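Down below is the structure, laid out as structure tokens.
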């Protein structure tokens, strides 16, 4: 028997009496760790002083160069989730989580070496590429497993895990700053040592999650759960093969829905501190802006659980209708509240917007499950995450470049974001139309039982 046979899907089938409530903590072990990516910016300034220590030296790295580390990681996250999604589904969650732990932890260790020899390309390869693969595998690996364990509440289940991804930065940011302060000396700023410690910590907890996770036995159902005799509208009881799903209009409509929702939130999330200070000069200090960013993170995290759970009650399509209608109204009102100097209502607008940004991530796996079934939902989700990669470029570009264009055209800084907000409102209208057009998948795309058994390797 192979030493790594414990990673086989067959070894992860739950025995009678296993509590399904052990699976969300296993998923959180993964998502709380990989959510660190949102806090990577705390390393940017220290890494501009690796040689100069107290200030940047001529040979130190520039912020523009360091910004690519995060961008590469997010890009690789999307690509690896898409390309390895089927491998994740067919091999089971434990194998994928194990691989994610090695890649994400190993990415930190390789980056630590890159920092110590002052080679930025090694850091790109370490955290950006290797760590990015760990991000992609870790992000999608718990999704279909949670949906199988919670057929009665799939939105709540995926919301619990993906909430961890939104909250991981709240742990990682202060931990990273503290480690750098402890490990710094008069000759180095502590980044390499911090990378080593974080790599080992994250690998350990992700391996714990891999050890805990289980898949339900064939035919298992929650005690007392009776599948509805008549499925709800837009909820299928059959499965669509991953590559067949890519041929359906429903997949691409949901892709547009997610892309528009994420674009409308991610640009603001990245510029929240500067935007709030520029729109309310003298009233919002740098410290207060930091508090605003912290509030946004809380609502981003809480929204993932709240909105995904709400979708179990009102349905996925209706949940996204709420996102697009309410988001449109809030984006249209935000410039007005800014012009009126109404700071509380301005802040409230963006807290709700960001909650729906997080909610969009957490609700979409259940939306895919409703449309395409549970068998390949993880792999389909992996392909859908490419919408995040596109939005991750589109959102910041819209905010940053339109702001600069407005300022160059003589518009005061306090009003430089108004056009951007109206454009974001327009993008939400596009998302609303795409969501409106979604209907049940045509029968010809569904797998029959014989095809399902052949793909799974049964029979």
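Is it true that residue 388 is within 30 Å of residue 28 (Cβ to Cβ), modelled with pLDDT under 90 and in contact with a helix residue (DSSP H, G or I) (Cβ under 6 Å, 6 or more places away or on another chain)? Considered against the rule, which asks whether it is within 30 Å of residue 28 (Cβ to Cβ), modelled with pLDDT under 90 and in contact with a helix residue (DSSP H, G or I) (Cβ under 6 Å, 6 or more places away or on another chain), residue 388 comes out as yes. Considering (1) crowded, with 20+ Cβ neighbours inside 10 Å; (2) modelled with pLDDT of 85 or more, the lone condition that residue 426 does not fulfil carries the number (1). Among the numbered conditions (1) at pLDDT below 90; (2) surrounded by fewer than 18 Cβ atoms within 10 Å (Cβ to Cβ); (3) more than 23 Å from the chain's Cα centre (by Cα), the only one that residue 345 does not meet is (1).
For (1) more than 19 Å from residue 143 (Cα to Cα); (2) touching a strand residue (DSSP E or B) at 6+ places or on another chain (Cβ under 8 Å); (3) modelled with pLDDT of 85 or more; (4) in a loop (DSSP other than H, G, I, E, B), each residue gets a yes or a no:
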position	(1), (2), (3), (4)
5	yes, no, no, no
15	yes, no, yes, yes
24	no, no, yes, no
34	no, no, yes, no
56	yes, no, no, yes
69	yes, no, yes, no
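Test residue 457 against the stated conditions and say whether it is at pLDDT below 80, surrounded by 18 or more Cβ atoms within 10 Å (Cβ to Cβ) and within 30 Å of residue 88 (Cβ to Cβ). Against the criterion (at pLDDT below 80, surrounded by 18 or more Cβ atoms within 10 Å (Cβ to Cβ) and within 30 Å of residue 88 (Cβ to Cβ)), residue 457 does not qualify. Scanning segment 318-342 for residues that are surrounded by fewer than 19 Cβ atoms within 10 Å (Cβ to Cβ) and closer than 22 Å to residue 437 by Cα yields 318, 321, 322, 325, 326, 329. Among the residues in segment 178-191, are any assigned to a helix (DSSP H, G or I), crowded, with 22+ Cβ neighbours inside 10 Å and modelled with pLDDT of 90 or more? Within segment 178-191 (the criterion being assigned to a helix (DSSP H, G or I), crowded, with 22+ Cβ neighbours inside 10 Å and modelled with pLDDT of 90 or more), the answer is yes, since at least one residue qualifies.
Within segment 71-79, does at least one residue satisfy the condition of being assigned by TED's automatic domain parsing to the domain that holds residue 195, in contact with a helix residue (DSSP H, G or I) (Cβ under 7 Å, 6 or more places away or on another chain), closer than 22 Å to residue 146 by Cα and buried (at least 17 other Cβ atoms within 10 Å of the Cβ)? Looking for residues that are assigned by TED's automatic domain parsing to the domain that holds residue 195, in contact with a helix residue (DSSP H, G or I) (Cβ under 7 Å, 6 or more places away or on another chain), closer than 22 Å to residue 146 by Cα and buried (at least 17 other Cβ atoms within 10 Å of the Cβ), one finds at least one in segment 71-79, hence yes. Kindly establish whether residue 440 is outside the structural domain of residue 78 (by TED's automatic domain parsing), surrounded by 22 or more Cβ atoms within 10 Å (Cβ to Cβ) and out of contact with any strand residue (DSSP E or B) (no Cβ under 9 Å at 6 or more places or on another chain). For residue 440, the condition - outside the structural domain of residue 78 (by TED's automatic domain parsing), surrounded by 22 or more Cβ atoms within 10 Å (Cβ to Cβ) and out of contact with any strand residue (DSSP E or B) (no Cβ under 9 Å at 6 or more places or on another chain) - is not met. The helices (runs of 4 or more DSSP H) falling completely within segment 105-156 that include 2 or more residues that are surrounded by fewer than 21 Cβ atoms within 10 Å (Cβ to Cβ), more than 23 Å from the chain's Cα centre (by Cα) and modelled with pLDDT of 95 or more map to 120-123. In this structure, residue 165 qualifies as crowded, with 24+ Cβ neighbours inside 10 Å, assigned by TED's automatic domain parsing to the domain that holds residue 40 and either under 22 Å from residue 387 (Cα atoms) or under 23 Å from the mean Cα position of the chain (by Cα) (or both).
The values are calculated or read from the model by the stated rules, or taken from the named source; none is laboratory data. Computed from a prediction, not measured in an experiment: that's the story for all the values here. Note that we place each Cβ from the backbone using ideal geometry, even for glycine, and neighbour counts take in every protein chain shown.
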